[in-house]
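**Student:** Here it is, the structure in full.
The values are calculated or read from the model by the stated rules, or taken from the named source; none is laboratory data. Note that the structure is a prediction, hence the values are computed from the model and not measured. All Cβ positions, even for glycine, are placed from backbone atoms using ideal geometry, and neighbour counts span all protein chains on display. Calculation scope for accessible area: heavy atoms of the full protein, side chains included, ligands and nucleic acids excluded. Shrake-Rupley method; radii C 1.70, N 1.55, O 1.52, S 1.80 Å.
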Amino acid sequence: MGKKIIVAGLGHGGISAAALLAKAGFDVTVYEKKKEGTLGYDWTDIFAPAALEIAEIGMPDEDKYEYKEDMTFCAPTSTKTLRQHVPKEQLEIKMERKDIYEHLINHALECGVKIVYKCEVEGPIVLGNRVVGIKTEKGDVYGDLVIDACGINSPVRRNLPESFCIEKDVARNEKISIFRAFYDVASEEEVEAKFKVMVFKGGVRGISWVASEDEHTDLLMGRFEDFDMEDVEEFAEYLRKDNPRLGRKIVRGGQFVEIPVRQPLSIMVADGYAAIGDSAFMTVPLIGSGIANSLKASKILANTIINDKNGSFSAETLWNYQTAYYKALGAGLAPFACVKLLLLSLTPEEVDYLFEKDVLTDDTITMGADFTGLSSVKIDPKAMVNQAKQVCSDTELLKKIIACGVRMGKVTAACTMMPKKWNARRVQSWAKVYEYSFK
């Protein structure tokens, strides 16, 4: 084909799209700032194995993964808990993050993808209204298309011209700061809930989990504000009161990372440019899981590029990628961002109330997990509000829930109004409506 495709960054979606395109005959090169063999944090991650099949990637060896346990969600102070009941055929798998990358990279190399390591991407090269390459620490690289897989703070996306109308920055309530580490096991005491997720625990606006394993205890803390190791140690000590297995020695991990938890990017494409994965905010807004969504997006993007008979890689042709992604996942993900905004507006006592009065149920949190299984889950705003009206006697809380329902209705309506064909003026006008619906 002779067309040269640049993938900026070794994100999961980017490397999977690269493999599909190289297999189709494109000249594909990935540029990654890290050294070979250093991709992935020193902990495990979970995702739906069905995503691998969609991206035409085989399953890893059986000794490389295991199936995840259902999560138990705990209210801030109430003893009421909610437990997922994900069907066996929809269970996610748990793998070492490094093994996930190794699996995806080896597959890409077999398909003919070239990877340049230790080469930091610094920004896009733009000529007129078209992205024609990337600036790297080793010099400029030109190509026919740039796939942006550089993540939440992508230097490519953030340095695009204002005229592209592509969102650059992430608001503080649109990203969650995560600390995660594996601690030693301090007690052999059996626990009823092996994977316990805590919402607003200790009055902290965020989410945390304690997962009991045979050889370690997996601790995650997530907050919508910056925090440091002193805060980690203080909060871990607080958690040990109810989690005696949680030791004090970090045996693995111990890093801070940022994850987007917001609606998908309003405009993902431009002439010569397409964003994927965290660069396009493809995570589930409530939990930050995004590997499965990125893998499915890689197939949609690759199909769009392969079907571009003229090889123009224009916004007009790449817009088919965005509309297909929203139809498959994005339009369903967006309302969950409204639920996240609702939760951030609540007090710990109000969250307790939602648990106690069954406004949040086992079915609710199971449905929230379905996106990692790649099903097109939709929240019904009217049903949510009607349920709240039946059980909620707290007037102020009910007002917040109704406001959330109204916002979700606006978001759902905005998604249905997305232009089916590319027209710069119409797309940019729609993007403003879509973005404003979350305000």
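**Student:** From the C-alpha coordinates alone, can you work out the Kirkwood hydrodynamic radius of the chain, in Å?
**Tutor:** Computed over the chain, the radius equals 22.5 Å.
**Student:** Where the only charges are on Cβ atoms (+1 Lys, Arg; -1 Asp, Glu), what is the dipole of the range 31-132 about its Cα centre, to the nearest 20 debye?
**Tutor:** Charge dipole of the range 31-132: 520 debye, to the nearest 20.
**Student:** Please name which of ALA431, TYR142, ALA193 has its Cα lying farthest along the dipole of the chain towards the positive end, using unit charges on Cβ (Lys, Arg +1; Asp, Glu -1) and the Cα centre as origin.
**Tutor:** Checking the options against the dipole of the chain, the answer is ALA431.
**Student:** Once phi is turned into ³J(HN,Hα) by the Karplus curve 6.51 cos²θ - 1.76 cosθ + 1.60 with θ = phi - 60°, what whole-Hz value does each residue of the range 59-68 show in order, with x for glycine and proline?
**Tutor:** Each residue of the range 59-68 in turn: 5, x, 4, 4, 7, 9, 8, 9, 7, 6 Hz.
**Student:** Taking only C-alpha pairs under 8 Å that are 6+ residues apart, what is the relative contact order of the chain in percent?
**Tutor:** With pairs under 8 Å counted, the relative contact order is 19 percent.
**Student:** May I ask you to list the trypsin sites (Lys or Arg not before Pro) in the range 209-286 that are in a DSSP loop and have at most 15 other Cβ atoms within 10 Å of their Cβ? Don't jump to the answer; show the numbers that get you there.
**Tutor:** Numbers: sites: ARG223, ARG240, LYS241, ARG245, ARG248, LYS249, ARG252, ARG262; in loops: ARG240, LYS241, ARG245, ARG262.
Hits after loop and neighbour filter: LYS241.
**Student:** With θ set to phi - 60°, apply the Karplus curve 6.51 cos²θ - 1.76 cosθ + 1.60 along the range 245-254 and write out the HN-Hα couplings as whole Hz, x wherever there is a Gly or Pro.
**Tutor:** Calculated HN-Hα couplings, in order: 6, 6, x, 10, 9, 7, 9, 7, x, x Hz.
**Student:** Membrane-span-like helices in the chain: DSSP H runs reaching 24 Å or more (Cα, own axis), mean Kyte hydropathy at least -1.0? The partial results should precede the final answer.
**Tutor:** Working: long enough: 395-416 (32 Å, 0.67).
In the chain, the long hydrophobic H runs are 395-416.
**Student:** Within the chain, what is the longest stretch that has no GluC sites (Glu not before Pro) placed in a DSSP loop and near at most 12 other beta-carbon atoms within 10 Å?
**Tutor:** 226-439
**Student:** Over the chain, give the accessible area per residue in Å² for a 1.4 Å probe, as an integer.
**Tutor:** Per-residue value: 43 Å².
**Student:** Using only helices, what value at 222 nm comes out for the chain when you add -39,500 (n - 2.57) per DSSP H run of length 4 or more and divide by the total residues, to the nearest 500 deg cm²/dmol?
**Tutor:** Helix contribution divided over all residues of the chain: -10500 deg cm²/dmol.
**Student:** Here is a further query. With a 1.4 Å probe and all protein chains left in place, how much of the accessible area of the chain comes from carbon and sulfur atoms, in whole percent? Please list the in-between numbers first.
**Tutor:** Details: 9240 of 19000 Å².
The nonpolar share, carbon plus sulfur, comes to 49 percent.
**Student:** Treating only the Cβ of Lys, Arg, Asp and Glu as charged (+1, +1, -1, -1), what charge dipole size does the chain show about its Cα centre? Round to the nearest 20 debye.
**Tutor:** I would put it at about 2120 debye.
**Student:** Right, next: Looking at this model, which pairs from LYS94/LYS400; LYS201/LYS296; LYS201/LYS357 are more than 26 angstrom apart at the alpha-carbon?
**Tutor:** As for pairs spanning more than 26 Å Cα to Cα, those are LYS94/LYS400; LYS201/LYS296.
**Student:** Just the number, please: percent antiparallel of the DSSP beta bridges in the range 1-84, rounded to the nearest 5.
**Tutor:** Counting only bridges with both partners in the range 1-84, antiparallel ones make up about 40 percent.
**Student:** Here is a further query. What aspartates and glutamates could a cross-link reach from LYS3, if we take a straight Cα to Cα line under 13 Å and drop same-chain neighbours fewer than 8 places away?
**Tutor:** Output for LYS3: ASP27, ASP144, ASP308.
**Student:** So which trypsin sites (Lys or Arg not before Pro) in the range 1-100 end up in coil per DSSP with only 12 or fewer other C-beta atoms within 10 Å?
**Tutor:** Of the trypsin sites (Lys or Arg not before Pro), the ones in loops of the range 1-100 whose Cβ has at most 12 other Cβ atoms within 10 Å are LYS35.
**Student:** Would you mind checking which residues have amide H under 5 Å from LEU246's amide H? H placed 1.01 Å from N; only 5 or more apart, or other chain.
**Tutor:** Amide H neighbours of LEU246: ALA186.
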